[in-house]
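This report concerns only the one structure given below.
The values are calculated or read from the model by the stated rules, or taken from the named source; none is laboratory data. These figures come from a predicted structure and were not determined experimentally. Ideal geometry is used to build each Cβ from the backbone, glycine not excepted, and the neighbour counts take in all protein chains shown. In case anyone asks, the SASA skips ligands and DNA or RNA and just uses the protein heavy atoms, side chains included. Shrake-Rupley method; radii C 1.70, N 1.55, O 1.52, S 1.80 Å.
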Amino acid sequence: MTGKDIEHIELNDIWESWWQYKKGKKKTPEFYQFEYYLENNLSKIYQDITNRTYTHSEYRTFSVCDNKPRRITEACLKDKIVHRLVYDYLVSVYDESFDYDVWSGRKGKGLIAAIFRVQKLLFKFPKSYIWKADIRKFFDHIDHQILYELIELKVNDEVFLFLIREIISSYSYKSGKGLPLGNLTSQIFANIYLNEFDHFVRHNLKSDAYLRYGDDFILIMKDRAELCMAKKCAIEFLEDKLQLFIKENDLIVKVNQGLKFLGMKISVDSVFLNKRNVKRIFKKLNSNNLPSYFGLIQRFGSEELTSNFHWKVFALLGKHKPSPSADNADYCSDC
């Protein structure tokens, strides 16, 4: 199932979305109950989509504190399968049209690759200036109508447009705005929404370099005055076209000063985890996020920090008592 001119969805597509969804998923009571009546449940999803009677269920909502409080919404399992169906379709339609230096929510990209790409750009333009910024409450301020109109420009399959409209309208932070952080589709919707901005920066502002990860981005130009003008134009585009606003903590610095970006302290010749991220990792470490955090520590932690992390892992796995410093995230020489 690829391409944007699909006449209909087959039952096999629903099954494929189920298999893709279940990879690596934690087996909850809801999962086992759904799987027990799997054939009937998938057939029901297929019939609802075919007959245009599919409706998105209510979300479960809970809060997490990850650097700052966040409200996370979780869809029920049948909706997650539909999300997977729509996500895979939109990736096949859009991914090749996204800017190369968009590194979030894309296969073969990701956070670690984005960090190394930033360092490479700093090395390439050592005498330039860099504008670092992120968007204020990005997911909460995505406008439903603007998003849907952007999708209509590239998607003309009526069944998928029906599903996309149902998913977008299933959640609002405030009237007509907002995407839920817990949805798989929110990742691709976010990249679609900012795709116009990415191309505006790349082709109209003609920067030396541009990179975006989620709603965080950098813009590099040789001349500071030209970069300030590009910043003004970029802000106007975001506000006028997408109704989005830059956080007030944006800054312009010389490339050779390095910068804090994506939880790292990045310079031409080094990359280290910043102090806040180290504290967060030691506080939040559990068996579910261990592989991700292990990768960050191994690549970007000092020898001392890596050693402390290993003690923390041993304690988590019940194989060793933690060292006295293992719970102290300040105990690292690179912070």
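Points worth noting:
- Each part gets one Cα centre, and for the stretch 201-244 versus the stretch 130-154 those centres are 15 Å apart.
- Sparse-neighbour loop sites [trypsin sites (Lys or Arg not before Pro); the stretch 35-66; at most 13 other C-beta within 10 Å; DSSP]: ARG52
- Taking amide H as placed 1.01 Å from N in the peptide plane, SER207 has no amide H partner under 5 Å among residues 5 or more places away or on another chain.
- Here ARG165 sits with roughly 110 square angstrom of accessible surface, probe radius 1.4 Å.
- Pairwise FRET efficiency - GLU96 versus ALA225, Cβ, R0 = 41 Å, nearest 0.05: 0.70
- The chain, helix-only ellipticity at 222 nm - DSSP H runs n ≥ 4, -39,500 (n - 2.57), divided by all residues, nearest 500: -14500 deg cm²/dmol
- Mean Cβ count within 10 Å, highest first, over the residues of peptides 157-164, 171-178: 157-164, 171-178
- In the chain, a dipole from Cβ-located charges (positive for Lys and Arg, negative for Asp and Glu) runs towards its positive end, and of PHE123, HIS199, TYR54 it is PHE123 whose Cα lies farthest in that direction.
- Ranked by how many other beta carbons lie within 10 Å on average, peptides 25-32, 93-100 from highest: 93-100, 25-32
- Point-charge dipole on Cβ atoms (K/R +1, D/E -1) for the chain, about Cα centre, debye to 20: 1640 debye
- Per principal axis, descending, Cα span of the stretch 1-148 in whole Å: 62, 39, 33
- For the stretch 16-67, the solvent-accessible area works out to 72 Å² per residue, with a probe of 1.4 Å and every protein chain left in place.
- Answer label, with P(r) over Cα pairs in 20 Å bins from 0, in percent calculated from the coordinates and candidates (1) 26, 46, 24, 4; (2) 27, 54, 19, 0; (3) 31, 58, 11, 0: (2)
- Ordering 224-231, 129-136, 244-251 by mean Cβ neighbour count within 10 Å, with the highest value first, yields 129-136, 224-231, 244-251.
- Here the average projected area of the convex hull drawn through the C-alpha atoms of the stretch 201-327 stands at 9.9 nm².
- Other residues with beta-carbon under 9 Å from the beta-carbon of ILE246 carry, at +1 per Lys or Arg and -1 per Asp or Glu, a net charge of -1.
- Length added when fully stretched, HIS8-SER43, from 0.36 nm per residue minus Cα-Cα: 11.1 nm
- Taking a straight Cα-Cα cut-off under 20 Å and skipping sequence neighbours fewer than 8 places away in the same chain, the aspartates and glutamates within cross-link reach of LYS232 are ASP134, GLU196, ASP198, ASP208, ASP215, ASP216, ASP223, ASP240, GLU248, ASP250.
- Partner lysines for LYS44 [C-alpha distance under 26 Å; skip if fewer than 8 residues away on the same chain]: LYS4, LYS22, LYS23, LYS25, LYS26, LYS27, LYS78, LYS80
- Rolling a 1.4 Å probe over the protein heavy atoms leaves GLU239 with an accessible area of roughly 70 Å².
- For VAL313, the accessible area of its heavy atoms, probed at 1.4 Å with every protein chain present, is near 20 square angstrom.
- Rh by Kirkwood over Cα pairs, then Stokes-Einstein D for the stretch 103-226 at 0.692 mPa s and 37 °C, µm²/s: 204 µm²/s
- Neighbourhood charge, 14 Å Cβ-Cβ cut-off, centred on ASN40 and excluding it, Lys, Arg +1 and Asp, Glu -1: -1
- Calculated FRET efficiency for the pair GLU35/LEU153, C-beta based, R₀ 45 Å, to 0.05: 0.70
- Carbon + sulfur, % of accessible area of the stretch 105-225 - ligands and nucleic acids excluded, 1.4 Å: 51 percent
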